[in-house]
Amino acid sequence: MAQVEATTERVVAADAEKVFDTVADYSGTRANLLTEHFSEYEVREGGDGEGTLVHWKLQATSKRVRDCLLEVSEPTDGELVEKDRNSSMVTTWRVTPAGEGKSRVVVHTTWQGAGGIGGFFEKTFAPKGLGRIYDGILDRLAAEVEK
């Protein structure tokens, strides 16, 4: 099994604190940022950053649906880590200042991929697909915080 990684980033025209608070607001704005690839969104514990437990299904392709139960932590300022209890998937959100009134948002996801030929295709194509999904989320995030 090989580690699979996908990274997407965007600079948005909003203060880093506002952007981080929007991303960390699982009981409010976070659900509105999700694309059509997500379903069955439910906050099970907490709802604001550290200590949140959130569930969703992620349909990355027409045949691939991942049932995610994510524990959220905030190991450092401006960073959210979502660890899936149902798999090896870990997604890290980093929000840092990027100049006056701007922020850089980086979304980085890793997981242990399949072995063999399936693993080869997963490692080759999954990062691009997940990148497109996160591009959609970052589009919605920018629209939300740049109001």
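The values are calculated or read from the model by the stated rules, or taken from the named source; none is laboratory data. Owing to the predicted nature of the structure, the values given are computational and were not obtained by experimental measurement. Neighbour counts run over all protein chains shown; Cβ positions are idealised from the backbone, glycine included. Calculation scope for accessible area: heavy atoms of the full protein, side chains included, ligands and nucleic acids excluded. Shrake-Rupley method; radii C 1.70, N 1.55, O 1.52, S 1.80 Å.
Worth pointing out:
- Residue that is surrounded by the most Cβ atoms within 10 Å (Cβ to Cβ), among those in the stretch 5-38 that are over 15 Å from the mean Cα position of the chain (by Cα) and under 26 Å from Lys128 (Cβ atoms): Val12
- Candidate set: the stretch 47-66, residues that are exposed (fewer than 13 other Cβ atoms within 10 Å of the Cβ) and of a type outside the set (Val, Ile, Thr); chosen: the one modelled with the highest pLDDT: Gly51
- Test: Tyr41 is open to solvent by 40 Å² or more (accessible area, probe 1.4 Å), aromatic (Phe, Trp, Tyr) and at pLDDT 95 or above: yes
- Among the residues listed as Ala126, Ala142, the single one being open to solvent by less than 50 Å² (accessible area, probe 1.4 Å), at pLDDT 95 or above and in a helix (DSSP H, G or I): Ala142
- Number of the condition not met by Arg94 [criteria: (1) part of a helix (DSSP H, G or I); (2) under 17 Å from Leu130 (Cβ atoms)]: (1)
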